[in-house]
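Just so it is clear, none of the values below were taken in a lab; they were calculated from the coordinates. Quick caveat, the model's predicted, so the values are computed rather than measured. Here the Cβ is made from the backbone with ideal geometry for all residues, glycine too, and neighbour counts use every protein chain on show.
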Amino acid sequence: MKIESLQNSTIKTLSKLKNKKDRDQSGRFLVEGLHMIQEAAAAGILEHVYQLETHPVFEQAGVTFCSQQVLNKLSAQKSDAKYIGVCHRPDSASSQDCTKLLLLDRVQDPGNLGTLIRSAHSFGIQKIICSTDCADAFGPKALQSSQGALFHLPVEYTDLLNVVENLKEKDVTVFGAALHQNSIELNALDIPEKFAVMIGNEGQGIREELLGACSKLVHIEMQTFESLNAAIAGSILMYAFQFPTVSR
């Protein structure tokens with residue numbers, strides 16, 4: 001079977017997944033490119049692949065061949081699409097007892113969000129919890145920036161203030177990244193085994209009520225500029241937090 005019409009009912013339904021509302025309602029999303037599809041298959045969330053007939057068949061899932069114009073209708077990229085995968089969302093509630101977390105408050109740029117997810121997976125973070133007003137991790141730009149790391153790491157959207165209080169009750173130290181008079185230099189910080197690192201909005205940082213709820217505040221020592229891009233700062237912190245200096 002080959003789908004060549006843009007009016008095909010399946011293609012019309014799938015194209016709606018480019019909208020956040022439809023992704024949220026269906027629990028499904030689209031990925032593009034062979035690498036992303038391979039990562040989704042490895043994570044067990046790939047449902048089906050739509051691809052050009054002239055390219056090697058992806059044999060780890062059901063495949064439907066499509067014309068170039070049909071694939072381009074599903075694609076969020078500017079160049080011609082070759083492979084589009086349909087996936088279901090990973091289970092975000094599977095890691096209730098995590099002790100190494102990344103908390104994100106109002107991170108708006110999907111590229112920053114995707115990069116933070118990629119770094120979190122690389123540096124041993126077990127779960128990411130976002131405020132409800134963060135960018136959508138399952139949007140095309142965040143997905144592409146994460147390079148498939150999102151498929152292997154639970155991501156949850158909820159009220160961060162409640163999360164912080166619950167973590168502290170479980171003896172998880174919550175560190176807020178902030179250029180603040182009470183913040184500690186990263187190089188001088190005692191890093192515990194159980195922690196959560198919080199990164200704030202690109203322009204405004206972490207909101208005041210969350211800063212006040214954090215166990216400690218930390219900043220990265222710099223020689224010239226006073227601040228870093230949110231994704232870079234978060235990545236540096238997560239790298240450093242791989243190496244605990246105190247046990248609790």
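Structure notes:
- The chain, relative contact order in percent, only Cα pairs under 8 angstrom and at least six apart counted: 18 percent
- The string of couplings for the stretch 142-153 from the Karplus curve (6.51, -1.76, 1.60, θ = phi - 60°) is 5, 4, 5, 5, 6, 6, x, 4, 4, 6, 10, 9 Hz, one whole number per residue in order, with x for Gly and Pro.
- Rg and Dmax [Cα atoms of the chain; Å; Rg one decimal, Dmax integer]: 20.0, 64
- Cα long-axis angle, helix 110-122 against the chain (0 to 90 degrees, to the nearest 10): 70 degrees
- Using a 4.7 Å Cβ-Cβ cutoff, the cysteines of the chain lacking any partner cysteine are C66, C87, C98, C214.
- Among beta bridges identified by DSSP and lying wholly in the stretch 100-240, the antiparallel ones come to about 5 percent.
- Phi-based couplings in Hz for the stretch 21-26 (Karplus 6.51, -1.76, 1.60; Gly and Pro marked x): 4, 6, 5, 5, 5, 8
- For the stretch 100-240, a Kirkwood hydrodynamic radius built from all Cα pairs, placed in the Stokes-Einstein relation at 10 °C and 1.306 mPa s, yields a translational diffusion coefficient of 107 µm²/s.
- Each DSSP beta bridge with both residues in the stretch 2-88 is either parallel or antiparallel, and the antiparallel ones are about 60%.
- Take the Cβ atoms of R207 and D171, set R0 to 25 Å, and the FRET efficiency comes out at 0.55.
- Of the peptides 174-184, 221-231, 101-111, the order by per-residue mean of other Cβ atoms within 10 Å, starting with the highest, comes out as 101-111, 174-184, 221-231.
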